[in-house]
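K.L.:
Before I ask anything, here is the structure I am working with.
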Amino acid sequence: MEHSLIILLFTVLLLTTTPGTLSQPSPAVAPAPPGPTNVTKILEKAGQFTVFIRLLKSTGVANQLYGQLNNSDNGITIFAPSDSSFTGLKAGTLNSLTDEQQVELIQFHVIPSYVSSSNFQTISNPLRTQAGDSADGHFPLNVTTSGNTVNITSGVTNTTVSGNVYSDGQLAVYQVDKVLLPQQVFDPRPPAPAPAPSVSKSKKKKDDSDSSSDDSPADASFALRNVGSVCDAVSFCVMSVMLAWFYL
């Protein structure tokens, strides 16, 4: 009996240690795919862009960028002003802008295409921003390079790119140390005066003709008055001669 019990225990122990009967480790879990590109989170992680992030959210531009980056193949380039750049603005500048102008200001910092740091050497000016027309006097943004320095001018602001914040082949974020002020908002040019209407030759000739015809009645009246005066003088002389002859 004891011998049978020992054999049974040995058999159970043998089965539990046989290869293939051991519990297998769970398969490795694949890493989760990266989440959708979120500009504000990228800027928050970089730090020192608090004011720019607030404006991106309050104007709704953050949602626009989120949709563009995650629902299309169009790249985006952002010139992100640091917090210190906003302190350089005149007091009350942002509060003096209308809602539409605040949107234009933030969109002026966004290029609707991906621009790598090497592309600045050959880029065509003026750059078209998401604020709209880049024609002179509207929203022109020009970029020039000198060695490794990238210079940016808006017609109101002159600054340089001071650092690369983020780049993934679709989104590029560069730090600038001044807020890019669009000329359309901060230094609008007055419209050119309308040219004075020119008097056509035909109208001028007509006016001259009218003037001549207007003078004709006056001249005729003057001539008639002169003739009448002569007739009166002749009649007087005749009457005088006849009276003199009668009394003689």
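K.L.:
Would you please put 55-61, 91-97 in order of how densely packed they are, using the mean number of other Cβ atoms within 10 angstrom per residue and starting with the highest?
P.N.:
Per-residue Cβ counts within 10 Å, averaged per peptide and sorted highest first, yield 55-61, 91-97.
K.L.:
In terms of the Cα gyration tensor, with a ≥ b ≥ c the square roots of its eigenvalues, is the range 39-186 rounded because a/c is under 1.5, prolate because a/b exceeds b/c, or oblate? Show your work: numbers first, answer last.
P.N.:
On the way: a/c = 1.27, a/b = 1.08, b/c = 1.17.
Rounded, since a/c falls under 1.5.
K.L.:
Is there a quick way to get the dipole size of the range 43-104? I mean about its Cα centre, with the Cβ of Lys and Arg at +1 and of Asp and Glu at -1; what is the value in debye to the nearest 20?
P.N.:
200 debye
K.L.:
Express the carbon and sulfur contribution to the solvent-accessible surface of the range 39-186 as a percent, rounded to the nearest whole number, probe 1.4 angstrom.
P.N.:
Numbers: 3050 of 7010 Å².
Percent of accessible area from carbon and sulfur atoms in the range 39-186: 44.
K.L.:
Enter the accessible area per residue of the range 39-186 (Å², integer; probe 1.4 Å; all protein chains in place).
P.N.:
Solvent-accessible surface per residue comes out at 47 Å².
K.L.:
Right, next: What full-extension length gain, to one decimal in nm, is calculated for Thr50 and Asp177 as 0.36 nm per residue of separation minus the Cα-Cα distance?
P.N.:
44.3 nm
K.L.:
Would you work out which of Ile53, Ser113, Thr93 lies farthest towards the positive end of the dipole of the range 28-182? Charges go on Cβ: Lys and Arg +1, Asp and Glu -1.
P.N.:
Ranked along the dipole, the leading option is Ile53.
The values are calculated or read from the model by the stated rules, or taken from the named source; none is laboratory data. Predicted model, so just to flag it, every value in this text is computed and none were measured. Using ideal geometry, Cβ is built from the backbone for each residue, glycine included, and neighbour counts are taken over all protein chains shown. Each accessible area value is taken on the protein alone, full model and side chains, heavy atoms only, with ligands, DNA and RNA left out. Shrake-Rupley method; radii C 1.70, N 1.55, O 1.52, S 1.80 Å.
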